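First comes the structure, then the notes that go with it.
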Amino acid sequence: MPANSLEQVRNLCMRRGFVFPGSAVYGGVASFWDYGPLGVELLNNIKKAWWQDTIYTRNDMEGLDAAVLMSRKVWQHSGHEATFGDVLIENRKNNRRHRLDHLLLDQDPKLLGELLERSAPTWDPSDPQIDNLAQFCGSWLRHHDGQDSKVGFSYGLESIQRIAQLIKKGNSPVTAANFVFLLTNLAVRKQLAVGVLNEVGIIDPTTGEVGDWLQPRRFMGMFVTHAGPVQADPGTEEELASRVYLRPETAQGIFMNFAHVQRAMARKVPFGVAQIGKAFRNEITPGNFIFRTREFEQMEIEFFIKPPQFVKEGEKNDQQWHEEWVEQRFKWWLRYATSPSATLEERDATASRFRARAQTPDELAHYAKATTDIEYLFPGSLGWGEIEGVANRTDFDLSAHSKDVPEEDLKRLKLEPNHDSTEKLDYFDPDAKARYIPWVIEPSAGATRAMLTFLCEAYHDEVVTEPTKQQIDQIKSDAAMIRKNAEKKIKEAQKEIAAGREAKHDPATVEAFLNLLDETVSRLPESLTEVLTALDHEGAQNLEPVKKFRPPTEKLVEDCTRTVLRLHPALAPVKLAVFPLKKNKPELVELAQAIKERFQRHFRVVYDDSAGIGRLYRRQDEIGTPFCITVDFESLEDGTVTVRERDSMEQERVKIDDLPAYLLPRLQGE
Ligand code: ATP
């Protein structure tokens with residue numbers, strides 16, 4: 001079983017030097033993380049696996065490393081400056097902020113119908129977004145056979161209102177969700193009056209009561225900084241002139257360099273450009289450890305292809321390229337999420353925690369023809385989460401940054417003419433003997449999110465020696481003792497609270513701890529390590545029997561279980577650990593050091609003699625080291641060492657001279 005909570009992975013990461021909280025000396029800064037000695041190795045290995053598999057093993061890819069800071073114009077023409085960031089609305093009653101689109105989707109659809117009906121008459125029908133929606137509603141009404149539509153239809157605001165009435169009756173062919181994007185946009189342009197939002201009684205999901213809503217506002221998703229030493233007042237011309245953004249994605253750097261790479265490397269379309277780099281987003285709700293952070297790393301590909309009208313018979317069209325990239329990327333995730341030692345059953349189980357999900361039309365960005373999200377089933381409440389998006393972005397991006405784009409293309413792509421650009425990012429196709437702006441397929445993955453994915457999947461707590469019945473009974477009776485004591489403490493605390501005094505314990509937290517303890521104890525012996533984790537629960541603090549119970553439980557856990565990261569060997573931060581059987585025998589130490597030195601040029605190897613061999617194995621298992629080598633007295637006589645494999649824990653005698661041939665293919669996962 002992989003990790004069953006993010007907490008387990010987070011504890012391991014902090015304990016063993018994968019990830020540390022950022023700025024910890026000053027109490028930390030929420031959701032910024034530092035990658036420690038093992039974390040940086042793991043992250044580098046992930047990036048290396050991605051780079052090798054997307055560039056070296058293909059014939060149609062090039063690499064790039066564009067600057068983090070780019071002209072502000074890049075973000076103006078990409079659309080980020082105007083739209084990147086969420087629209088938030090605050091409830092005056094409790095000062096809680098919500099994403100407006102999420103809040104609206106949470107409401108009873110009939111209430112949204114009411115909202116639409118009241119606000120539609122105030123809208124400007126010549127606004128392109130409203131016009132689009134009105135046409136959409138009109139054509140729905142035309143094709144709808146229900147009684148209500150017999151009254152007729154129009155493509156104007158009236159059709160939106162008619163649909164709104166049908167939504168209110170629960171009889172609409174169009175769902176309320178179709179309107180959320182528009183409503184959110186209108187709200188931020190102050191065209192959806194906050195008064196109407198309050199009139200219809202939008203409910204705050206955190207309280208279940210009608211909120212008292214303030215004007216929705218857009219929250220800036222990009223970090224702003226300034227190039228140049230002058231400190232100007234925000235919003236002034238001087239400030240805007242020096243303003244730059246920390247990039248929220250690496251992709252735009254690739255679009256900026258499309259023509260450079262194509263010309264410098266004499267590439268013919270189709271070809272792709274790959275880039276790995278930091279990205280920054282001022283996320284409203286960062287969290288879930290390193291899943292969503294404000295500074296993270298992306299691994300992105302822009303794969304440039306022919307527009308559909310230039311695709312010849314036998315060549316792949318945009319849809320086929322999109323499908324191929326989804327398949328390639330999906331295979332990559334499975335390959336590195338699976339340890340080569342996994343059984344067929346384990347492989348199937350791993351595969352069942354990954355899925356490729358096509359975005360619904362509601363979710364799709366307006367410029368994307370199709371997007372497939374690759375998702376992983378993270379443990380606990382996080383559940384399915386996007387780890388990579390593979391989008392068919394058509395010719396939107398290169399057109400957005402091009403001058404002289406024909407009128408009809410601007411209209412089709414809903415773009416304004418770009419008068420700032422000095423280039424048209426098109427390409428002369430020698431086969432088609434024509435110039436065109438290529439389309440693009442974008443597989444975009446998070447490197448730090450990949451790290452969390454691989455860690456969750458690799459994490460295993462295993463019972464290696466079954467505890468005796470007596471030992472299990474002992475835990476059960478200790479747990480019963482804890483419960484008895486804790487229930488007494490709960491009663492005492494309740495009395496204190498009732499008397500208006502401060503209590504030593506919070507009854508609800510202690511109760512939550514007891515439930516967790518009962519649940520884990522009921523699943524012994526396989527839950528042995530979880531029992532220990534349960535003792536770290538907030539509600540267990542200051543309970544005397546817990547303090548007594550911990551040392552023997554720790555000892556039992558250490559004797560009977562191991563935590564092992566079954567990482568793919570290509571990703572493992574440390575590939576090899578070498579131990580001398582005895583640290584006070586110089587001949588053994590010398591030979592062990594010599595073996596380490598032999599391999600350390602190629603990958604990360606550690607030498608350790610700080611504990612007994614059993615404990616050293618456990619330490620390496622916990623960080624996912626695929627092989628451990630022990631040098632013993634026999635080694636001095638016959639030149640062989642014991643090689644112990646992480647997953648099976650099997651040991652083999654291998655000649656020192658044969659070690660490279662033995663280890664290297666295995667470390668590549670062959
Ligand atoms: P989400 O829906 O999770 O916010 P997104 O759709 O905004 O993600 P993209 O813009 O498609 O994400 O970015 C591509 C990839 O970058 C995501 O699949 C994810 O792996 C990673 N990523 C995006 N935002 C973050 C973040 N705040 N922290 C860590 N990784 C991120």
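Below is a table of values for the structure above.
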{"quantity": "Selection count where residues are touching a Phe, Trp or Tyr at 6+ places or on another chain (Cβ under 9 Å) and either crowded, with 22+ Cβ neighbours inside 10 Å or within 15 Å of residue 565 (Cβ to Cβ) (or both), scope the stretch 628-643", "calculated": "3"}
{"quantity": "Cross-chain or 6+ apart pairs with Cβ under 7 Å, the stretch 227-241 first and at pLDDT 80 or above, then outside any loop (DSSP other than H, G, I, E, B)", "calculated": "227/69; 227/242; 227/244; 228/242; 232/238; 232/239; 232/242; 233/239"}
{"quantity": "Among residues of the stretch 428-441, those that are within 16 Å of the ligand (Cβ to nearest atom) and touching a Ser or Thr at 6+ places or on another chain (Cβ under 9 Å), counted", "calculated": "1"}
{"quantity": "Exclusive hit being of a type in the set (Gly, Ala, Ser), buried (at least 18 other Cβ atoms within 10 Å of the Cβ) and over 18 Å from residue 476 (Cβ atoms), set 570, 503, 540", "calculated": "570"}
{"quantity": "Residue among 417, 406 that is within 17 Å of residue 76 (Cα to Cα) and not basic (Lys, Arg)", "calculated": "417"}
{"quantity": "Helices (runs of 4 or more DSSP H) completely within the stretch 67-178 that count 1 or more residues being under 30 Å from residue 401 (Cβ atoms) and either within 37 Å of the chain's Cα centre (by Cα) or modelled with pLDDT of 90 or more (or both)", "calculated": "72-77, 80-83, 100-106, 128-143"}
{"quantity": "Any chance residue 408 is away from the ligand (no atom under 16 Å from the Cβ), farther than 29 Å from residue 356 by Cβ, of a type in the set (Asp, Glu) and part of a loop (DSSP other than H, G, I, E, B)", "calculated": "no"}
{"quantity": "Given (1) touching a residue at least 40 places away in the same chain (Cβ under 8 Å); (2) surrounded by fewer than 15 Cβ atoms within 10 Å (Cβ to Cβ), index of the condition residue 97 fails", "calculated": "(2)"}
{"quantity": "From the options 607, 662, residue that is out of contact with any helix residue (DSSP H, G or I) (no Cβ under 9 Å at 6 or more places or on another chain), in contact (Cβ under 8 Å) with a residue 12 or more places away in the chain, among the hydroxyl-bearing types (Ser, Thr, Tyr) and more than 24 Å from residue 2 (Cα to Cα)", "calculated": "662"}
{"quantity": "Close pairs from the stretch 421-445: first free of Cβ contacts under 8 Å to residues at least 24 places away in the same chain, partner charged (D, E, K, R) and part of a strand (DSSP E or B), Cβ under 6 Å, at least 6 apart", "calculated": "428/435"}
{"quantity": "Within the stretch 332-366, tally of residues that are touching a residue at least 60 places away in the same chain (Cβ under 8 Å) and part of a loop (DSSP other than H, G, I, E, B)", "calculated": "7"}
{"quantity": "Any hit, the stretch 180-198, residues being among the basic types (Lys, Arg), more than 16 Å from the ligand (Cβ to nearest atom) and more than 30 Å from residue 125 (Cβ to Cβ)", "calculated": "no"}
{"quantity": "Subset tally (residues that are free of Cβ contacts under 8 Å to residues at least 60 places away in the same chain and within 15 Å of the ligand (Cβ to nearest atom)) for the stretch 315-331", "calculated": "1"}
{"quantity": "Answer from 450, 391, 486, 445 - the residue that is more than 16 Å from the ligand (Cβ to nearest atom) and of a type in the set (Gly, Ala, Ser)", "calculated": "486"}
{"quantity": "In the stretch 391-410, the residues that are more than 19 Å from residue 259 (Cβ to Cβ) and either under 34 Å from the mean Cα position of the chain (by Cα) or not assigned by TED's automatic domain parsing to the domain that holds residue 262 (or both)", "calculated": "391, 392, 410"}
{"quantity": "Matching residues, the stretch 195-208, being surrounded by fewer than 13 Cβ atoms within 10 Å (Cβ to Cβ) and outside any loop (DSSP other than H, G, I, E, B)", "calculated": "195"}
{"quantity": "Lone qualifier among 186, 192 - being aliphatic (A, V, I, L, M), out of contact with any His (no Cβ under 6 Å at 6 or more places or on another chain), surrounded by 13 or more Cβ atoms within 10 Å (Cβ to Cβ) and part of a loop (DSSP other than H, G, I, E, B)", "calculated": "192"}
{"quantity": "Answer residue from the stretch 281-298, given it is more than 9 Å from the ligand (Cβ to nearest atom) and in a loop (DSSP other than H, G, I, E, B) and is surrounded by the fewest Cβ atoms within 10 Å (Cβ to Cβ) among those", "calculated": "285"}
{"quantity": "Looking only at the stretch 219-250, and only at residues there that are in a strand (DSSP E or B) and within 16 Å of the ligand (Cβ to nearest atom), the one that is nearest to residue 279 (Cα to Cα)", "calculated": "246"}
{"quantity": "Among the candidates 495, 504, 484, 489, residue that is among the basic types (Lys, Arg) and in contact (Cβ under 8 Å) with a residue 40 or more places away in the chain", "calculated": "489"}
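Residue by residue, here is whether (1) under 29 Å from the mean Cα position of the chain (by Cα); (2) within 11 Å of the ligand (Cβ to nearest atom) holds:
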| residue | (1), (2) |
| --- | --- |
| 255 | yes, no |
| 264 | no, no |
| 267 | no, no |
| 279 | yes, yes |
| 300 | yes, yes |
| 303 | yes, no |
| 310 | no, no |
| 313 | no, no |
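Every residue, every condition in (1) surrounded by 13 or more Cβ atoms within 10 Å (Cβ to Cβ); (2) within 22 Å of residue 602 (Cβ to Cβ); (3) of a type in the set (Lys, Arg), yes or no:
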residue	(1), (2), (3)
34	no, no, no
40	yes, yes, no
44	yes, yes, no
49	yes, yes, no
57	no, yes, no
61	yes, no, no
68	yes, no, no
72	yes, no, yes
77	yes, no, no
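The values are calculated or read from the model by the stated rules, or taken from the named source; none is laboratory data. This structure is a prediction, so every number in the text was calculated from the model and none was measured. Virtual Cβ from ideal backbone geometry, glycine too; neighbours counted across all protein chains shown.
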